[in-house]
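The values are calculated or read from the model by the stated rules, or taken from the named source; none is laboratory data. For clarity, every value in this text was computed on a predicted model and none was experimentally measured. For neighbour counting, all protein chains shown are included, and Cβ atoms are generated from backbone atoms with ideal geometry for every residue, glycine included. These accessible areas exclude ligands, DNA and RNA; they are computed on the full protein's heavy atoms, side chains included. Shrake-Rupley method; radii C 1.70, N 1.55, O 1.52, S 1.80 Å.
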Amino acid sequence: MASHDDVTAAAAAVTDYANPQDQPAARARVWPAAALVLAFWAVFIGLRIGGVPMFRQFLGQVGALLILLLSFTIWWAVDARGRRGERLIAILALVGGAILAILLASKTFQGPQLLMSALPWVFTAWALWAILARRADPKLRRRGLVVAILLAWCPFLLLRTEGLRGDGGAEFRWRWSPTAEDRYLAQLHNLTASGTRPATQMAPVVASQGDWPAFRGPDRDGVVRGVRIATDWAANPPKLCWKEPVGPGWSSMSVVGGRVFTQEQRDQSEAVVCRDADTGRELWAHTDAGRFWDSLSGAGPRATPTFADGRLYTLGATGLLNCLDPASGARIWSRDIAADSGAKMPIWGFASSPLVTHGLVIVFAGGEGKGLLAYNARTGQPAWTAPAGKHCYSSAQLAVLGGEEQVLFWDDRGLLAVDPATGKPRWELAISGASAMPRSVQPHVIAGTRVAVASDVETTVVEPHRQGDQWTSADRPWTSSAFRPSFNDFVLHDGAFLYGLDGGNLVCIDANDGHRRWRKGRYGAGQLLLLADQSLLLVLCESGDLALVAAKPDAHHELARIPDAITGKTWNHPAIAQGRLYIRNGQEMACFALPLAR
C-alpha cells in the first residue's frame, strides 16, 4: 500500500506535467554549436596555412561561412529542447545586429565583406555563451545571449578595411586613423600651396637599350637580359637611391629615357605620373576624373603604361584609354573602351596593360563580340575588334608561334590567338574549367611551339597545330594542379622550367611534363623577375621584402633578402632599367641601384 509521501510525489508530478509553462524547459543541446564553430575555424585555418591560392581560398571561406550560417541557424531553430522565445530572440538579435552593423560600419566595408568578417565571430560568441550559460537562469541566459551576439558586431564598427591580403585575409585599421592615401593627398596639397612642386619638363623622351618600356619589360615576359649583379648582398647590397610616397593603385612602372611612368589614384581622379628616374621627383601628372574602388582590392588603376614610338599609352581602371606626350603628359587622343565595346565594369576594374604593335594599341574590354579592341596608335580610331571572353585581368601578349606573329590572349573562355594586324582569329582552345576563377597572368611561349597558361586552379600547356597557312587545332600536352600562380605572374627559364609563386610559396615546374621540382620559401602574393644571364630570381615579396633566389631546378636556394624594402602590401610588378630596380605598391615607390657584378 502506497505511503502518504508516495501519493504526494505522484500528485506533484501530475501537476508539473499539467502546467509545463511553469517549469524550466529542458536545456538545449550545446555540443552542436561547439562542433559547428570548431569545424568552421578548422577549415578557415587550414585554408590559410595550406598554401591555397587567394581566389580559391576566398571561395572556400565563403563556402565554409555559408555552411556555418545555414547549419547553425537550423540547429538553433529546430532544437525542441530549447525555449521557443529564447530561440526567436537570438535570431532577431542576429538579424538586427547585422542590419545595424551594415548601417553604422565604415563605408570601406561593403555589406558582403562585413558579413564575411564579422559572422564567424558572432557565431563563436553565440556558441561560447550557450556553453557557459547552459545552467544559468533562463532570463539571464536570454539577456546574456542577446548581449553576446550584439557585442560581437561592435569591434567591426571601430575598424575599416583596406582590402584583402594575398592569403585571402582582410586587412583592418582603426576606423578614424588617416589612410596612406589621406597622408599622400595632404602632402600633395601642401606642395601645391607652397608652390614647391617641380616645373613641367619638356625635354623629349627617347628610348634606349636597357630601358623598360612596357608591362613586365620589353618582351612582357618578366625576363631581364644583359644585366649581371653581385649576389653577396651582405657585403654589397642594393643601394637605395630614393623613396617617395605614391597614391593607391596596382600599376607597375615603365622606365624610359630617364623617366619613370606609372599610374595612381588621386582622390577622385586617376593620374598618370612621370617621375625623374634619378631623383624620384615628379615631373608631371596627367589626371582624368574617375575613381575605381572596391572593398577587396582597394582603389586605383591596375594597368601599366606602355611607351612606344615616342608616345605613352595608358588604361585606367574605369576604362579610359589615353595616348599622352611622354615629355609633358599632354593628351594626344583618348577612348572610352567600355563605351566602344559595351562592356560592363569588371569586378576589379579594367586591368589590361596596352600592347602596341603593328601601329595598333590592343587592350581587353570584355564586351559582347568585342572582347579585344585595337585602335590606330597615331589617331585613336578603332581598327578592329575580336571576340574574346567577358572577364579576365591579363593583357594581350605578342608572340611568335610556328614562325608567325600572333597576339595571344588568356581569358575566361580559354586561350585565343589572333592576327595582330587584322584581329582575325588564328586558333583557339577552350579551357573552361573553374572559369569563375579570374585569369590574371600572361601566357608564355615554350620553344616556339607551345604556350603555358595558368590560373588559380592549374597550369596548362597548349600546343596548336598548323598545316600550311592554316591553324587546324590545338591540344593540351599536360595540365597540372601542382602550380597555381593566381595573379602572381611566372617566368620561363631556358625554355625548360617555370618559376612562380603559388599560395605564397616559390615553385619550380618542369615545362616539359608539368612535374613539380620543388616548392619552398614564404614570399606571399608578390611578383618576380628572372635575371636570365645568371639564373637568378628577384622576388618582390607581398610584405615589401626583396629576395634573391637561385633559378635552379634541383633545389630552392635563397641567396639574400632585404627586409622592408618598401612599406605596405605589395602586389605591383617590379621593373629593372639601366642597372636600377624600381619597386612600388599602393603607398610608396623606391629605386635601388643594383650591385653590378665585376
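Worth a mention:
- Residue in the stretch 322-343 that is in a strand (DSSP E or B), closer than 30 Å to Gln209 by Cβ, touching a residue at least 12 places away in the same chain (Cβ under 8 Å) and among the small types (Gly, Ala, Ser) present: no
- Selection from the stretch 310-337 of residues that are over 15 Å from Arg259 (Cα atoms), surrounded by fewer than 19 Cβ atoms within 10 Å (Cβ to Cβ) and not hydroxyl-bearing (Ser, Thr, Tyr): Ala330, Arg331, Ile332, Trp333, Asp336
- Contact map, the stretch 406-431: residues that are over 19 Å from Pro382 (Cβ atoms) and open to solvent by less than 10 Å² (accessible area, probe 1.4 Å) paired with residues that are among the β-branched types (Val, Ile, Thr) and not in a strand (DSSP E or B), Cβ distance under 8 Å, separation 6+ or inter-chain. Pairs shown: Trp410/Val441; Gly414/Ile431; Leu415/Ile431.
- Only one entry of Ala447, Ala399 meets the criterion of being under 23 Å from Val223 (Cα atoms) and in contact with a Gly (Cβ under 8 Å, 6 or more places away or on another chain), and that entry is Ala447.
- Identity of the residue in the stretch 492-514, assigned to a loop (DSSP other than H, G, I, E, B) and over 17 Å from Glu458 (Cβ atoms), that ends up most open to solvent (accessible area, probe 1.4 Å): Asp494
- Of the residues in the stretch 454-470, none is surrounded by 20 or more Cβ atoms within 10 Å (Cβ to Cβ), in contact with a Cys (Cβ under 8 Å, 6 or more places away or on another chain) and among the charged types (D, E, K, R).
- Lone qualifier among Asp456, Asp489 - being out of contact with any helix residue (DSSP H, G or I) (no Cβ under 8 Å at 6 or more places or on another chain), within 30 Å of Asn572 (Cα to Cα), touching a residue at least 12 places away in the same chain (Cβ under 8 Å) and not in a strand (DSSP E or B): Asp489
- Residue list for the stretch 104-125, restricted to those being open to solvent by less than 20 Å² (accessible area, probe 1.4 Å) and β-branched (Val, Ile, Thr): Val122
- If you go through the stretch 151-184 and keep only what is farther than 30 Å from Phe487 by Cα and open to solvent by 70 Å² or more (accessible area, probe 1.4 Å), you end up with Leu151, Leu158, Trp176.
- The listed residues are Trp212, Trp242, Trp233, and the only one of them that is over 30 Å from Pro112 (Cα atoms) and in contact with a Cys (Cβ under 6 Å, 6 or more places away or on another chain) turns out to be Trp242.
- The residues of the stretch 49-72 that are surrounded by 15 or more Cβ atoms within 10 Å (Cβ to Cβ) and closer than 22 Å to Ala125 by Cβ, listed by number, are Gln61, Ala64, Leu65, Leu68, Leu69, Ser71, Phe72.
- Scanning the stretch 137-150 for residues that are among the hydrophobic types (A, V, I, L, M, F, W, C) and open to solvent by less than 30 Å² (accessible area, probe 1.4 Å) yields a count of 3.
- The number of residues in the stretch 515-542 being part of a strand (DSSP E or B) and crowded, with 18+ Cβ neighbours inside 10 Å comes to 10.
- Residue count for the stretch 543-563, restricted to those that are outside any strand (DSSP E or B), open to solvent by 30 Å² or more (accessible area, probe 1.4 Å) and either closer than 26 Å to Trp250 by Cβ or free of Cβ contacts under 8 Å to residues at least 12 places away in the same chain (or both): 3
- The stretch 255-286 - residue that is in a strand (DSSP E or B) and among the hydroxyl-bearing types (Ser, Thr, Tyr) and, of those, most open to solvent (accessible area, probe 1.4 Å): Ser269
- Put simply, of Ala90, Ala101 the only residue that is open to solvent by less than 80 Å² (accessible area, probe 1.4 Å), in contact with a Cys (Cβ under 9 Å, 6 or more places away or on another chain) and outside any loop (DSSP other than H, G, I, E, B) is Ala101.
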